Structure formats: structure tokens, C-alpha cells
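The values are calculated or read from the model by the stated rules, or taken from the named source; none is laboratory data. The structure presented is a predicted model; accordingly, all values stated were derived computationally and were not measured. Here Cβ is always computed from backbone atoms with ideal geometry, including for glycine, and neighbour counts include all displayed protein chains. Remember, those area values only see protein heavy atoms, side chains included, never the ligands or the DNA or RNA. Shrake-Rupley method; radii C 1.70, N 1.55, O 1.52, S 1.80 Å.
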Amino acid sequence: MPYDVTARTRRSAKHNRKLAKALFRFFLCLGCLSFPVSIILMHRVENSLDEHPHWVNNSKEKNSTSFYGSEARKIDLTDLKVIEQKYSNNELLHDKYRLVQALESQNIDISEVSNDTWSLVPTWTQIRELYGSKPVVIGLEQCNAFRDAVPNKNDRMIAPAGLFNTGTNLIANLLEHNCHIPGRTNRRKRRNASGVTWQTPWGKHSPPEFRNKTVEDPFFQAMNKDHILPVVAVREPFEWMISTCHNNYVLRWPHRRRCPNLIHPNGTLIEVYNQYFHGAIRRYHKSLAHFWNDWNRQYTENPGFPRLMVRHKDLIFFPKETIQIVCECAGGELIDDKNFTYIINAAKGNRKGAKPFDGLVGNWVKYGKKFDISQINQEDMEVAKNVLDGKIMKMFGFKW
């Protein structure tokens, strides 16, 4: 399957070939075969394994796993109208056909999702009421400038960026499985073969002020940063703050007893600091809400180079539309327009507590309803409403 066999898959295939050869030698040494016959057979098997590596790694070819760690499967998409007709008598699936279509397109039996779960899945009407009928992508006016500045398609790269807990891994997975820049297809054996990488050279969680620095990785240090088109994920601030309380990465502030904990009882703001480049650099902010403002402003207020900005929810409910817009901005195209690859499992596949449908289905259930504002106490809410940048909120259609 073109474009789906990644570096990790190739390394795994090489490891499996070595293991198969070693096991074959072991059994031969048990004395089951005479020495001359053993030598002949051993060379035949080793040559066959080298010439036909898929014999050892056939399961990987059928169901490939990217170097981002999420499972993705592809078959022909079924027309949405056919899906509607097929399940027209199933009231539980009424107006939920887009999710049904996405699952069936990945060869998932929808009966694997329980009726209890289907009852929690929002209708498409509810989703449109919350997020509109199309994705929001900021920065499209800069696409021509990026393509003109990097005329050689072999040099163009797309890279995710964003705060923690905003969907940067999901961007990486969706792009890697669905987008490629045609001029780069002759570089299939390299990590950046399709024109997509998993983060910006200055670090996906680092703002543009650090663009002149580079993470400690020769792969990124060799990149020309002017050839990178960052795709920045932005998430609703209230929801993001609650999520960051649960997984704060290298962001530090007292929040164990109260979340998001923006203000002290005496009325003073609770300062936070974030660490960059393995703690070598710290940046302090007046509160967690100020941090959301400060970080995102560096990308919204014209950072001095082309970039795109996308909403976290559009990666969940409008993934194909969003990825196609991003891909075409860099001069790329979908690998297969009729066979879009959805990420079924959680984008952070190694995180604790991940469940089989924690990804696509779980996200539809979790984000297909209004955020429960009662999770934030009144004092923090008043601070947030006064602090959060109304311009950014309006830009992405975020609601108070």
C-alpha cells in the first residue's frame, strides 16, 4: 500500500528477518538435517527473506502502523447516501451516518460499538450547531507566498505545532496517512518522504520566538526552516485549561486541589511558567489563561512566515476537509481522495487508560456536546472572561 510503510515498519521488518534467520539456524543446529543440506537450505531461506521481506512482515503490510504510533486502515469509502439507506430503519444511527461512514470506510464493523455508546454519539445536526458546517483554517492567504518562496516541491514540508493537548499528534497522523507532496515521492526511504514531519524544527510546543533555535535532533537540524509550513492547532481555552490540569507536561503552577486555579483567595493572579528545550529556558506568565493568550498570539499576530492555524474540533469532525485544505496549501494532494484514512485509535496510542474506541468514536462522544462550564469555579471564570483574548476567540468561533 503506497505511502503507508514508514520508518518504524521497515525497521520492524528488518528485525523480523534477522529473527527468522536466527531461528532457522538454531533448528538446523539441533541435528535434524545433515550439514550440507543445512547449508543449502539456510542460504535459500536467507535469500528468500531478503528478496521477499513481506513474507516475514505481511501483517504489517495489511494493517500498517505509522511512526506516530496510531493504527490506520484503508478501504474504499461507501457513499453517504448508501449508508443512509442501509441504516434508515435504525433509529439509534439516525443523523449519525458520517461517523458510520468513517468507521465502515476503515473496515470497522459498527456492531463493535455498543448500543449504549451509539446512544451517546451526537447527531450531525448537533455538531453543526456547535462548530458550524465547515472547518475554520486561518492563514490561507499565505499559501501562494509559501509555494512561491519554496518553488521546488522536493523541499516543502508540513509540520504540526500547538500547545500541549491541542491535537498535534492527530494532525501528524492524519497528514502522514493522507497527504503527500508529489515531488517528494522519490524520497520514499527517508523519514520526511511524503513532505510531512511530526513537529516543527524548533519544537511543536514551542512558540515562534524560538524559531531560531532547533531541537536536539540531526533530522531537524538539517532542515531549512523557511521550507516548513507549520500547521498550528488551537483548542477552546476553557476546555484546554481543564485538560492541561490533567496533563500539564512541563507547565508548572499549583492546581492539584483546584483547576484551573487562576487566582488566589486574596485576589492576586497565580503565576505559571513553561519550560522549553529540556528546561534550559523558562517563560513566566501571569496565569494559565494569560499563557493561552501569550502562546497563541505569537502565531495569530503574523509571526513573519507563512503558517496555517486549525481548530482542534475540526480535526475530529471535519478531518478530510481540514487535511485537504492544509495539504493543498503546501502544493500537496490527498493520497487517495476516495479512500481517506481516519485515525480510529487514540492519537496518543501509548497513553495510560487508552481504550479501543478512545479515538474517533470517543472523541465524537466527548466533544459532540457543550463544554460543562460548571467544571470551572466562579472566581476562575470571571478571571478567564476578563483575560482571554476576544480577538482570538472570535477568530476561531470559540464561545464564552
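Quick notes on this one:
- The listed residues Asp116, Asp314 rank as Asp116, Asp314 when sorted by accessible area, largest first, using a 1.4 Å probe.
- Entries in Lys338/Lys394; Lys204/Lys399; Lys369/Lys394; Lys204/Lys225; Lys96/Lys369 that, when Cα-Cα distance is taken, lie over 23 Å: Lys338/Lys394; Lys204/Lys399
- Apportionment of accessible area to carbon and sulfur, segment 248-400, percent (1.4 Å): 48
- Mean accessible surface per residue for segment 260-313, computed with a 1.4 Å probe while every protein chain stays in place, in Å²: 43
- Heavy-atom accessible surface of Thr125, to the nearest 10 Å², is about 60 Å², with a 1.4 Å probe and all protein chains retained.
- In this simple spin-label approximation, Val82 and Tyr249 carry label points 7 Å from Cα along the Cα→Cβ vector, and these lie 4.1 nm apart.
- Projecting label points 7 angstrom from Cα along Cα→Cβ for Lys338 and Leu130 puts them 3.3 nm apart.
- Subtracting the Cα-Cα distance of Thr117 and Met393 from their residue separation scaled by 0.36 nm leaves 96.2 nm.
- Mean Cβ neighbour count within 10 Å, used as a protection proxy, ranking 169-179, 254-264, 89-99 highest first: 169-179, 254-264, 89-99
- Prolate/oblate/rounded call for segment 133-244, Cα gyration tensor, a/c under 1.5 rounded: prolate
- Protection proxy ranking of 134-142, 236-244, by the mean of other Cβ atoms within 10 Å over each peptide's residues and highest first, is 236-244, 134-142.
- Accessible area per residue was computed with a 1.4 Å probe on protein heavy atoms; Tyr273 scores about 50 Å².
- Once all protein chains are placed together, Phe164 keeps about 10 Å² accessible to a 1.4 angstrom probe.
- At 0.890 mPa s and 25 °C, Stokes D of segment 231-376 from Kirkwood alpha-carbon radius, µm² per second: 138
- Candidate residues Lys286, Lys204: accessible-area rank, largest first, probe 1.4 Å: Lys286, Lys204
- In nm, spacing of pseudo-spin labels at Lys366 and Asp109 (7 Å Cα→C-beta vector): 2.7
- For Arg156, net neighbour charge (Lys/Arg +1, Asp/Glu -1) across residues whose Cβ lies under 11 Å away: +1
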